[in-house]
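Working notes, structure below.
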Amino acid sequence: MKAIIVRPGEKGAVLKDIDLKENVGENKVKLRTLRVGICGTDRGIVTGKLSFTRAPEGFNYLVLGHEGLARVEEVGENVNLKEGDLVVPVVRRGCGKCSNCKIGRQDFCETGEFIEAGIRGKHGFMREEFVDDAKYLVKVPRDLGELAVLTEPLSNVMKAYNELVFVQKRSVWNCEDSTFGCRRATIVGSGPIGQFFAMVFKTNGFDVTVVNRREPNQIEEKISKTVGYSFVDTSKGLEDVPDSDVIVDTSGYPSAFIPLLKKMKRNGVLLLFGTVGGEKDEIYSDLITFFVEYNISVIGSVNASKLDFEQGMTLLSVWKTRYNGVLQDMITKIVKPEETQDAILEKQKGSIKTVIEWSK
Ligand SMILES: [Zn+2]
């Protein structure tokens, strides 16, 4: 079968014929890949910058791709799925040793011995077909269809949001009418993850501002109007950024979010989600004093549980109706498998999410 393979540590991604000899046994499912999304992690792997990527044991290459959508072709015994069902595979697979992994919370693995499809130690989904364990497959609701390719990036946002709400139980954080209507969230970055954070916070009643160091492009303008959040260009100053209960950084650049901390309200949360190498900034003692005196929590969040995938799919179904056309607009480009490397490496102005179509 055709697959996009990378050699961890080296640059480039190529379309090759490979034979993995995977069999459909008990609890296993054979899947036909429909669509795979591309994200910054793929870019990090293909440019050779992501240090923790590695091939599966016994292989000198890795099949790329972790934002999968596939159709069930064949099921083994004890599988509660049927031919034709659409599924999204979970990315991280647990170590089998720690308490979190034993209860399906490998997103909180304590040993670090987990593997991740298309990233480290396990082949990903950029290939014509694959066999997977049924327990790692999330069934797509019928009404969602191919938009379910957005589930994986959204699942990580769901986890981060769920963590935030959990941490904020440390004080009374709901508003007087029981909702979150009096709370403000400011999101740094307007890529797909930033857009998803904006939608999740809006759906949960927050007042939302998305910031970037430039004007919104046409698609971002349309999404912000439809979803109902404000977009602030912070290259012109921070005056229009409101005081916030939550600041979410999706950029990974300290210079993008540290200046915004002066807008943080008491008992606020800094949610860190973006990762990028290279940029340096200082943590100074006045900032530490501010964190202490204001009860500021800092949450770093990565990956997601199967439950977060399911919750993400439910929201996608809601948004498909509520935010008419916005999810389709977020998929700004659909490419063929042979165009994968170019699609990963190019940074197109105005693009949000590129998706590879493997099969219809
Ligand atoms: Zn573990």
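The values are calculated or read from the model by the stated rules, or taken from the named source; none is laboratory data. Keep in mind that what you see is a predicted model, and the values were worked out from it rather than measured. Counting neighbours? That spans all protein chains shown, and the Cβs are built from the backbone with ideal geometry, glycine included.
Numbers at a glance
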| read-out | value |
| --- | --- |
| So Ser155, is it crowded, with 24+ Cβ neighbours inside 10 Å and touching a residue at least 24 places away in the same chain (Cβ under 8 Å) | yes |
| Residues being polar (S, T, N, Q) and under 26 Å from the mean Cα position of the chain (by Cα) - total across the range 163-178 | 1 |
| Residues satisfying the stated conditions in the range 307-331, i.e. surrounded by fewer than 16 Cβ atoms within 10 Å (Cβ to Cβ) and either β-branched (Val, Ile, Thr) or assigned to a loop (DSSP other than H, G, I, E, B) (or both) | Thr314, Val318, Thr321, Asn324, Gly325 |
| Residues within the range 101-111 that are part of a loop (DSSP other than H, G, I, E, B) and either more than 6 Å from the ligand (Cβ to nearest atom) or of a type in the set (Asp, Glu) (or both), tallied | 4 |
| Strands (runs of 3 or more DSSP E) completely within the range 12-100 that count 1 or more residues being of a type in the set (Asp, Glu) and under 30 Å from Lys347 (Cβ atoms) | 14-17, 67-75 |
| Among the residues listed as Val149, Val75, the single one being closer than 30 Å to Leu272 by Cβ, β-branched (Val, Ile, Thr), in contact (Cβ under 8 Å) with a residue 40 or more places away in the chain and surrounded by 17 or more Cβ atoms within 10 Å (Cβ to Cβ) | Val149 |
| Lys347 vs. criteria of a type in the set (Lys, Arg), under 19 Å from the mean Cα position of the chain (by Cα) and crowded, with 18+ Cβ neighbours inside 10 Å | no |
| Lone unmet requirement of (1) buried (at least 22 other Cβ atoms within 10 Å of the Cβ); (2) more than 20 Å from the chain's Cα centre (by Cα) for Gly65 | (2) |
| Test: residue in the range 269-280 that is assigned to a loop (DSSP other than H, G, I, E, B), out of contact with any strand residue (DSSP E or B) (no Cβ under 9 Å at 6 or more places or on another chain) and surrounded by 13 or more Cβ atoms within 10 Å (Cβ to Cβ) | yes |
| Single residue of the range 25-42 satisfying the filter (modelled with pLDDT of 95 or more and over 21 Å from Leu147 (Cβ atoms)) that is surrounded by the fewest Cβ atoms within 10 Å (Cβ to Cβ) | Glu26 |
| Failed item in (1) in the same structural domain as Val208 (by TED's automatic domain parsing); (2) within 16 Å of the ligand (Cβ to nearest atom); (3) of a type outside the set (Phe, Trp, Tyr), with Gln168 passing the rest | (2) |
| Candidate set from the range 112-127 (those that are under 19 Å from Val36 (Cα atoms) and either hydroxyl-bearing (Ser, Thr, Tyr) or in a loop (DSSP other than H, G, I, E, B) (or both)); member that is farthest from the ligand (Cβ to nearest atom) | Met126 |
| Yes/no for Lys139 being in contact with an Asp or Glu (Cβ under 8 Å, 6 or more places away or on another chain) and without any contact (Cβ under 8 Å) to a residue 24 or more places away in the chain | no |
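Table: residues versus (1) buried (at least 22 other Cβ atoms within 10 Å of the Cβ); (2) over 30 Å from Thr332 (Cα atoms); (3) modelled with pLDDT of 95 or more.
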position: Pro89; (1), (2), (3): yes, no, yes
position: Asn100; (1), (2), (3): no, yes, yes
position: Glu113; (1), (2), (3): no, yes, yes
position: Tyr136; (1), (2), (3): no, no, yes
